[in-house]
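What follows is a set of notes on a single structure, which appears directly below.
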Amino acid sequence: MPVEYKDYYKVLGVKRQDKAEDIKRAYRSLARKFHPDVNPGDETASARFMEINEAYQVLGDAEKRRKYDQFGADYQRVGSVEEAFRRGGVQGQGVGGFGFSGFGGFSDFFETLFGPAVAPRPGVRGTKSARPRRVADIEHELTVTLDEMFHGGLRILNLRVPEPDGRSRNRRLEVKIPAGVRDGSRIRVANEGSLRTDGARGDLFLRVKMARTPGFERKGNTLISDIQIPLSEALLGSTTTIAHIDESRLRLKIPPETKDGAMLRLRGQGLPSLNGDEQGDLLVRVKVLLPTKLTQREKTLIYDFGTKRNENPTKPG
């Protein structure tokens, strides 16, 4: 059966003149979209995922890309894959002089041009090998609390990791969460990904998603919290304590005449930077509570207070 030509540039949606970083960016975007973990049970997405990774195995490798581009030029001239293989002297050779019969894995086109994805043991020809995965690095989402972002920590994870035969297996991993990690950043766990074509494992990347923490917001390394105080404390000042993200208590001084919506700063109580050389601040946003269910005496006192300040409150009945 004739070997089908594979246009790897078309598979990744890139151009021949695009740079390596453009190809890598396109590959990552497509791999995330068609990853089996994102599309469980979708055979069409799985096939597309395999095709994308085969294309990147070639275009993401400078030497393979050079060879592929040279072959593609020959193919355009003769209009036949087989003739281009013959002229290029690559038909039936493969990597290290091994044949192709009995090998699973990448497409016939890939294996004819570059050899089997996993070479057999020296001196063994045509031995059937396990089907290799075509993606080495894999990615999972990891929800991280603000407390973990503040202090760092260890997390035991049970993840399903793709195996060379296309199946998945459960893996139990201990992952260190560095203090100062940001929402959207990635934690690299070396050698816990899928198998590469050379038999070595790729890496696992954990994409950080910040868990919602009631009462706290994050802007960079700055944390923002809210506090409610009564009118008397806002006017005359006060000292109180507030809960931090790890449930520790922080002492907060409220200056006299603090306005509703004011931001009070506690320096060094925010999140650390990832390299540990800087600590953010905690901003406490003040909400002034107005008194309710006033007694007649309280109403009279407030009326007298207002009129002495040339204000015009309604006289209590």
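Bear in mind these aren't lab numbers, they're just calculated from the coordinates by the rules spelled out. None of these values were measured; they are calculated from a predicted model. Quick reminder, even Gly has a Cβ in these numbers, built from the backbone with ideal geometry, and neighbours come from all protein chains shown.
In order along the stretch 214-221, phi translates into HN-Hα couplings of x, x, 9, 10, 10, 10, x, 8 Hz, rounded to whole numbers, per the Karplus curve 6.51 cos²θ - 1.76 cosθ + 1.60 with θ = phi - 60° and x for Gly and Pro.
The magnitude of the dipole of the stretch 138-210, with charges of +1 and -1 set on the Cβ of Lys/Arg and Asp/Glu and taken from the Cα centre, is near 80 debye. Residues whose amide H lies under 5 Å from that of Val284, counting only those 5 or more places away or on a different chain, are Ser225, Leu264, Arg265, Leu266; hydrogens are built 1.01 Å from N in the peptide plane.
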